[in-house]
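To start, the structure under review is shown below, and the notes come after it.
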Amino acid sequence: LRPGPVIAVNLPAFRLWAFHHGGAGTDAGEPLEMRVIIGQAIKTPTPLFIGSMRHLEFNPYWNVPRSIAVGELIPKMARDPGYLAENDMEMVSTSGGSGATSAVNGETLGALRAGKLRIRQRPGPQNALGAVKFAMPNPMNIYLHSTAARELFERNRRDLSHGCIRVEKPLELARFVLAGQPEWSDGSVELAMLPGPTRKANLAAPLPVILFYATAMVDREGKALFPRDVYKRDALLEQALQVHAE
């Protein structure tokens, strides 16, 4: 990695670190550390990869992935035509039209199933992404974001999402990511996260985001830690090591 800011997430530890990577002798200070919520084991595990964060969205829309719309939301809408309105959601055209509707009927359900409409959730207190989305474009559509369900961070096991990563301290992380950009002071970041219009903040340079999996690690004091193998990857690793040793 080149010297500069880095975000690293150890999935089984449900933990994120944001720090400055540099050469020998660099005084980077204490890393920013926080709890995270990751993808559910078996159903929607968070993939391992190195992403490149490029922008933030304050008060974002949640564009519901088609898999969630088809597998979860359309059945709920068929049972309860008021579901979208109750959850501050709407349907918009997939072809780029500007109109939006929350009216659930046979026509709109058919258009959803056919892929002519998609569902999004408007910014606000019910929005699944909370006040800020940390975007790092990738084919799997994985990103970091805040959440209104803060009580979930108190759980010991936090594989609870559809694959994206919810962060415990979104304001602190946003300040870290935008540090060094004069137009984004600590105060302006805090103001942008208040309820209001959607606002995009481009990063001055791409920021590496490392999603990794380690069930044996040491903390900053040298204490050994052994997070639970939530995704059952250790057995596969042991097999691969055994084959390599032979």
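Annotations for the structure displayed:
- Condition met for K116 (open to solvent by 30 Å² or more (accessible area, probe 1.4 Å) and more than 15 Å from N63 (Cα to Cα)): no
- Selection status of I50, exposed (fewer than 15 other Cβ atoms within 10 Å of the Cβ), in a strand (DSSP E or B) and touching a residue at least 40 places away in the same chain (Cβ under 8 Å): yes
- Among all residues of region 211-234, there is at least one that is within 21 Å of the chain's Cα centre (by Cα), touching a residue at least 40 places away in the same chain (Cβ under 8 Å) and outside any loop (DSSP other than H, G, I, E, B).
- Residue within region 184-199 that is open to solvent by less than 30 Å² (accessible area, probe 1.4 Å) and over 19 Å from the mean Cα position of the chain (by Cα) present: yes
- Members of region 218-235 that are touching a strand residue (DSSP E or B) at 6+ places or on another chain (Cβ under 9 Å) and open to solvent by less than 40 Å² (accessible area, probe 1.4 Å): P227, V230, Y231
- Exactly one residue out of E238, E168 is modelled with pLDDT of 95 or more, open to solvent by 20 Å² or more (accessible area, probe 1.4 Å) and either among the acidic types (D, E) or touching a Lys or Arg at 6+ places or on another chain (Cβ under 6 Å) (or both): that is E168.
- Every pair of residues 6+ apart whose Cβ atoms lie under 6 Å, when the first sits in region 146-172 and is within 17 Å of P65 (Cα to Cα) while the second is hydrophobic (A, V, I, L, M, F, W, C) and surrounded by 17 or more Cβ atoms within 10 Å (Cβ to Cβ): L160/I37; S161/I37; G163/I142; C164/I142; I165/V36; I165/I38; I165/L144; R166/I37
- R113 vs. criteria in contact (Cβ under 8 Å) with a residue 12 or more places away in the chain and within 24 Å of the chain's Cα centre (by Cα): no
- Applying the set (1) under 30 Å from I210 (Cβ atoms); (2) at pLDDT 95 or above to I74 leaves exactly one unmet item: (1).
- Considered as a group, the residues in region 87-113 that are under 22 Å from P60 (Cα atoms) and exposed (fewer than 11 other Cβ atoms within 10 Å of the Cβ) include one that is modelled with the highest pLDDT, and that residue is S95.
- Failed item, numbered, when Q40 is tested on (1) touching a His at 6+ places or on another chain (Cβ under 8 Å); (2) free of Cβ contacts under 8 Å to residues at least 24 places away in the same chain; (3) within 24 Å of Y213 (Cβ to Cβ): (2)
- Residue identified as open to solvent by 80 Å² or more (accessible area, probe 1.4 Å), under 16 Å from T46 (Cα atoms) and among the hydrophobic types (A, V, I, L, M, F, W, C) among M136, M140: M140
The values are calculated or read from the model by the stated rules, or taken from the named source; none is laboratory data. A quick note: this is a predicted structure, and the numbers were derived from the prediction, not measured. Note: ideal-geometry Cβ built from the backbone for every residue, glycine included; neighbour counts use all protein chains shown. Please note that ligands, DNA and RNA were not included when accessible areas were found on the heavy atoms of the full protein model with its side chains. Shrake-Rupley method; radii C 1.70, N 1.55, O 1.52, S 1.80 Å.
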